[in-house]
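The values are calculated or read from the model by the stated rules, or taken from the named source; none is laboratory data. Keep in mind it's a predicted model, so treat the numbers as computed, not measured. Here the Cβ positions follow ideal geometry from the backbone for every residue, glycine too, while neighbour counts run over all protein chains shown. Side chains included, ligands, DNA and RNA excluded: accessible areas come from the protein's heavy atoms. Shrake-Rupley method; radii C 1.70, N 1.55, O 1.52, S 1.80 Å.
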Amino acid sequence: MTKTNLARTLREPAELVAADLAPATALPALERVAARYAVAITPALVELIDKSDPDDPIARQFVPTAAELEMQPGESADPIGDHPHSPVSGIVHRYPDRVLFKLVHVCAVYCRFCFRREMVGPGRENSLSDSAYRAAIDYIRAHSEIWEVILTGGDPLMLSPRRLSEIMADLAGIDHVRIIRLHTRVPVADPARISDDMVAALKVEGATTWVALHANHARELAGPARAACARLVDAGIPMVSQSVLLRGVNDNITALSDLMRAFVECRIKPYYLHHGDLAPGTAHLRTTLAQGQELMRQLRGRVSGLCQPDYVIDIPGGAGKSPVGPNYVLAEQNTAADARDAAPETRYRIVDYCGDVHLYPPET
């Protein structure tokens with residue numbers, strides 16, 4: 001996308017009304033939402049929205065609504081507990097062998113369910129200062145257990161190729177950092193930003209680069225997005241996906257199957273399907289865990305094993321991610337019929353994707 005096109009990103013509620021993405025009657029409420037949470041919808045995403053569909057799954061992700069003003073018990077400005085695990089500015093060290101490195105606090109587009117919605121967008125601190133950046137690099141260098149650095153934010157691909165190249169070189173120059181992973185929505189939100197210069201910036205000697213693409217509906221992976229992903233993969237950069245289970249977007253088996261197949265068609269391995277975090281004003285987009293587990297059970301029986309993500313929840317407070325998919329195995333004791341028989345063994349009841357139960361080992 002050219003700089004001119006970026007300038008046409010919709011950022012104000014009045015622009016959403018003028019573009020027929022919201023009714024004029026909603027303008028006062030939308031202005032209250034925009035006063036608290038960032039709004040931005042790029043031209044690439046506007047083109048994907050079906051304005052004739054009041055329940056369009058693309059619009060539902062990016063067009064603000066008055067429901068965001070409704071807070072629910074348990075919702076938090078820091079729902080996954082970044083702050084307690086931030087030893088220096090920009091670093092979250094929750095797991096032993098990896099850290100999050102939050103370089104910027106701006107995105108090409110702002111998701112209405114974002115778990116960092118209180119921390120990102122115009123008016124916030126847009127990027128780390130030079131001194132904070134050096135302190136973060138020094139922290140990574142001082143902790144030899146850090147094998148992987150995950151660039152996040154905001155969206156790290158909002159940085160220029162020149163700046164990204166410098167950051168990648170700094171990280172790859174640390175002997176124990178072997179993996180650099182970037183979490184991004186840019187290939188979907190601003191596909192032309194994945195230029196030859198950007199791809200070259202992500203390739204670095206001394207570490208392996210991975211890119212995790214965030215998309216939630218198959219229509220996001222339209223032609224330009226697929227071409228952007230192909231530029232990364234063709235350059236030897238492996239890609240994985242992350243998605244959020246969202247009510248009215250991908251909470252039915254057809255939409256979820258189509259999304260995972262679209263990832264695989266783009267040579268992107270489905271990685272995480274996140275349960276919606278308890279971010280403020282997002283209850284209207286969250287499903288229940290039971291709904292997510294049932295969808296995962298249906299997905300297992302419906303599509304290829306290549307298309308299976310891990311369904312995970314980020315435990316509120318900072319305890320990290322936990323898989324919460326359906327349990328297919330239940331243990332029961334198999335009592336020996338005769339005292340002379342071998343000691344009792346554990347027999348398992350295994351539930352298949354249709355819900356039928358099978359014994360393992362089978363009864364003889």
**OP:** State, as an integer percentage, the relative contact order of segment 1-140 based on alpha-carbon contacts under 8 Å between residues 6 or more apart.
**Re:** 23 percent
Subject >> GluC sites (Glu not before Pro), loop per DSSP, at most 14 other Cβ atoms within 10 Å - longest free stretch of the chain >> reply: 206-362
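For segment 154-305, what is the accessible area per residue in Å² when the probe is 1.4 Å?
Details: 5400 Å² over 152 residues.
It amounts to 36 Å² per residue over segment 154-305.
If you stretched the chain out fully between ASP50 and ARG178, how much longer would it get, using 0.36 nm times the residue separation minus the C-alpha to C-alpha distance?
Working: separation 128, 0.36 × 128 = 46.08 nm, distance 4.28 nm.
Extending this stretch completely gives an extra 41.8 nm.
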Subject >> Proximal aspartates and glutamates to LYS203, defined as alpha-carbon separation beneath 16 angstrom and excluding residues fewer than eight positions away on the same chain >> reply: GLU148, GLU166, ASP170, ASP234
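Rounded, prolate or oblate: pick one for segment 67-130, where a ≥ b ≥ c are the square roots of the eigenvalues of its C-alpha gyration tensor, a/c under 1.5 means rounded, and failing that, prolate if a/b is larger than b/c, else oblate.
On the way: a/c = 2.30, a/b = 1.30, b/c = 1.77.
Cα axes put segment 67-130 in the oblate bin.
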Original post:
Taking Cα atoms, how many degrees apart are the long axis of helix 27-36 and the longest axis of the chain, rounded to 10 and kept between 0 and 90?
Top reply: 80 degrees
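At 0.36 nm per residue, and after removing the present C-alpha to C-alpha distance, how many nm does the segment from GLU31 to ILE350 gain when stretched out fully? Walk me through the intermediate numbers first.
Values: separation 319, 0.36 × 319 = 114.84 nm, distance 5.23 nm.
The GLU31-ILE350 span can extend by a further 109.6 nm.
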**OP:** Identify all aspartates and glutamates with a Cα-Cα distance to LYS102 below 12 Å; exclude those on the same chain that are fewer than 8 residues away in sequence.
**Re:** ASP82, GLU125, ASP155
Original post:
What is segment 6-165 by shape, rounded, prolate or oblate, if you read a ≥ b ≥ c off the alpha carbon gyration tensor as root eigenvalues and call it rounded for a/c under 1.5, prolate for a/b larger than b/c, and oblate otherwise?
Top reply: prolate
Subject >> Using a Förster distance of 30 Å, the FRET efficiency for SER160-SER76 (Cβ separation, nearest 0.05) >> reply: 0.35
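Give me the percent of accessible area attributable to carbon and sulfur for segment 171-265, probe 1.4 angstrom. Mind showing how you got there, number by number?
Values: 1560 of 3150 Å².
Roughly 50 percent, rounded to a whole number.
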Original post:
What aspartates and glutamates sit close enough to LYS51 to cross-link, taking a C-alpha to C-alpha distance under 19 Å and skipping anything fewer than 8 places away on the same chain?
Top reply: GLU12, GLU15, ASP20, GLU220
**OP:** Just flag the trypsin sites (Lys or Arg not before Pro) in segment 30-91 sitting in loop per DSSP whose Cβ has no more than 16 other Cβ atoms within 10 Å.
**Re:** LYS51
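Translational D (Stokes-Einstein, µm²/s) of segment 108-223 at 25 °C and 0.890 mPa s when Rh comes from the Kirkwood sum over C-alpha pairs?
Working: Rh = 15.3 Å.
Diffusion coefficient, whole number: 160 µm²/s.
Ignoring ligands, DNA and RNA, please state the percent of accessible area on segment 78-167 from carbon and sulfur, probe 1.4 Å.
Heavy-atom surface of segment 78-167 belonging to carbon and sulfur, 1.4 Å probe: 55 percent.
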**OP:** Kindly express, to the nearest 10 degrees and within the range 0 to 90, the angle between helix 223-234's C-alpha long axis and the longest C-alpha principal axis of the chain.
**Re:** 70 degrees
**OP:** Determine the per residue accessible area of segment 1-137 with all protein chains present and a 1.4 angstrom probe, expressed in square angstrom.
**Re:** 46 Å²
Original post:
Mind listing the Cα extents of segment 174-323 along all three principal axes, in Å, largest one first?
Top reply: 44, 36, 31
Subject >> Shape box of segment 1-80 [Cα atoms, principal axes, largest first, Å] >> reply: 41, 28, 22
Subject >> Relative contact order computed over the chain (Cα-Cα under 8 Å; 6+ residues apart), in percent >> reply: 15 percent
**OP:** Please find the FRET efficiency linking GLU363 to TYR328, where r is the Cβ-Cβ separation and R0 is fixed at 25 Å, and quote it to the nearest 0.05.
**Re:** 0.85
Original post:
With axes computed from alpha carbons, what is the tilt in degrees of helix 289-302 against the longest principal axis of the chain, rounded to the nearest 10 within 0 to 90?
Top reply: 80 degrees
Original post:
When N counts the residues of the chain, how does its alpha-carbon radius of gyration compare numerically with 2.2 N^0.38 Å, as a ratio?
Top reply: 1.09
**OP:** Output the relative contact order of segment 64-218, whole-number percent, from Cα pairs under 8 angstrom with separation of 6+ residues.
**Re:** 21 percent
Original post:
How big is the antiparallel share of DSSP beta bridges in segment 31-187, given as a percent to the nearest 5?
Top reply: 30 percent
